[in-house]
Amino acid sequence: MHQRIALFDWTPGGHHELYVQRFAEALAPDHEPVACVPDETAATLAERGIEVHGLGEPRPAVDPARPAPPQHAELAQKELDLLERTVDAVRPDHVVLMYADPIVRRLVKRPPLGVPASILYFFPQAHYPRVFGTPMSARDRARALMHELVIARWRRRPDAASVLLLDPVAAERWGRRRGAPVQWVGEPPLPAELPDPPAEREGAVLYGSLAARKGIDLLAAAMATAPGGRVTLAGGVEAGFADQLSAHVDRMRAAGTDVVVREGRLGEGEGLATLAAARVAVLPYPAHGGMSRVMLEAAGVGTPVVVHDRGLLAHLVREHDIGIAVDCRDPHAFRRAVDTVQAEGPERRAAALARFAADYSAPAFRARLLAGLGLPAPALPVAR
């Protein structure tokens, strides 16, 4: 049955535009996706042949000089007002909230939207301590449990069509409970054409937004434990982080590390080529929850990874043998892991990396997405 499906995302930056594009591409053969996104994103997607509905200015950033909770509440209410107006204007058969995490707490308190709605939820973490052995503070555990209870409440609403997740473990757990269906969709697929690695890969790369949360300080501490090595830092520098980034780079260089900094947001192809040129991709994110697209991108171009020993990322690295999970807060252990993966060479895990990337192929993603939205789909690939 042909459906008009609104893909709603008010948040700019990061991978938001890419997610909407890949969801639309997966739906387009049989359905009518409409990208409901900020005007600046709408212009780009329209050039790619995707029907768009502009939302005006993007979601404003939180002002760090003001208390965050009141701002989060205010922005969530504004986003939900915008969502309701968008549903009235676009008149879809189904709406997908492409980033539900900041708004679902308040969404469940509002009246039904009047059309079936699915939510893409990025950061379930209540299962981290028991399933993954990840320590969490009492406050963080309480917050994660509260979000899980909110999702359970959402699944009982009359307009709740499904919950879409990037965490296969959370999907399996939630799927055993009553309520709207839960589907692991996984990261959207990589491009059909991927860059070939150079004849000689070199060094370690940290790719993505260059920000405090990415553990660049942990990488600097690790590289400072011994001379030598090469590190590439590539991506846009988050506002307010430039001075810290410079200090971390100086520390590595003072220890004898060859550091290359490529500031500025890279296009998808440029980012993949940057990952393909390295012998190891490092993801020392100290408090990260959920999946990482950078990890999939690295696997797609055959680059093994070193990740912080936390949550889903560490679980997937161990389960699929695509790198090493280590406590990146221990600089000596982190440096040993980076050196070990580089010494082994990408060939050591080439087959495992290829198998992992194949789980996120375009046909597999399309099948999972259609199943998640309750639409006719080919048989689901088995999640490994």
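The values are calculated or read from the model by the stated rules, or taken from the named source; none is laboratory data. Note that the coordinates shown come from a computational prediction; the quantities given were computed from them, not determined experimentally. When we count neighbours, we look across all protein chains shown, and the Cβ atoms used for this are built from the backbone with ideal geometry, even at glycine.
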Name the single residue that is nearest to E17 (Cα to Cα) among those in region 81-100 being surrounded by fewer than 17 Cβ atoms within 10 Å (Cβ to Cβ) and touching a residue at least 12 places away in the same chain (Cβ under 8 Å). L82
Output the number of residues of region 149-179 satisfying the condition of being buried (at least 21 other Cβ atoms within 10 Å of the Cβ), small (G, A, S) and touching a strand residue (DSSP E or B) at 6+ places or on another chain (Cβ under 6 Å). 2
Looking at A325, is it modelled with pLDDT of 95 or more, of a type in the set (G, A, S), within 23 Å of the chain's Cα centre (by Cα) and under 30 Å from M136 (Cα atoms)? yes
Go through region 328-384 and report how many residues are modelled with pLDDT of 95 or more, part of a loop (DSSP other than H, G, I, E, B) and of a type in the set (A, V, I, L, M). 1
When you scan region 283-319, how many residues do you find that are under 14 Å from E187 (Cα atoms) and of a type in the set (F, W, Y)? 0
As an exercise: evaluate V20 against (1) over 17 Å from the mean Cα position of the chain (by Cα); (2) modelled with pLDDT of 95 or more; (3) not in a loop (DSSP other than H, G, I, E, B) and give the number of the one condition it does not meet. (1)
Could you tell me whether region 105-118 includes any residue that is surrounded by 15 or more Cβ atoms within 10 Å (Cβ to Cβ), out of contact with any strand residue (DSSP E or B) (no Cβ under 6 Å at 6 or more places or on another chain), basic (K, R) and in contact (Cβ under 8 Å) with a residue 40 or more places away in the chain? yes
For E40, the lone unmet condition from (1) surrounded by 20 or more Cβ atoms within 10 Å (Cβ to Cβ); (2) farther than 30 Å from P158 by Cβ is (1)
Scan region 60-72 and give yes if some residue there is under 23 Å from the mean Cα position of the chain (by Cα) and within 28 Å of L370 (Cα to Cα), otherwise no. no
Quick check, is A221 surrounded by 15 or more Cβ atoms within 10 Å (Cβ to Cβ) and more than 30 Å from P129 (Cα to Cα)? no
Considering residues of region 183-193 that are modelled with pLDDT of 95 or more and aliphatic (A, V, I, L, M) only, the residue surrounded by the most Cβ atoms within 10 Å (Cβ to Cβ): V185
Considering residues of region 232-244 that are without any contact (Cβ under 8 Å) to a residue 40 or more places away in the chain and in contact with a strand residue (DSSP E or B) (Cβ under 6 Å, 6 or more places away or on another chain) only, the residue farthest from L206 (Cα to Cα): V237
Considering region 226-243 alone, what residues qualify as being part of a loop (DSSP other than H, G, I, E, B) and out of contact with any helix residue (DSSP H, G or I) (no Cβ under 7 Å at 6 or more places or on another chain)? P227, G228, G236, E238, A239, G240
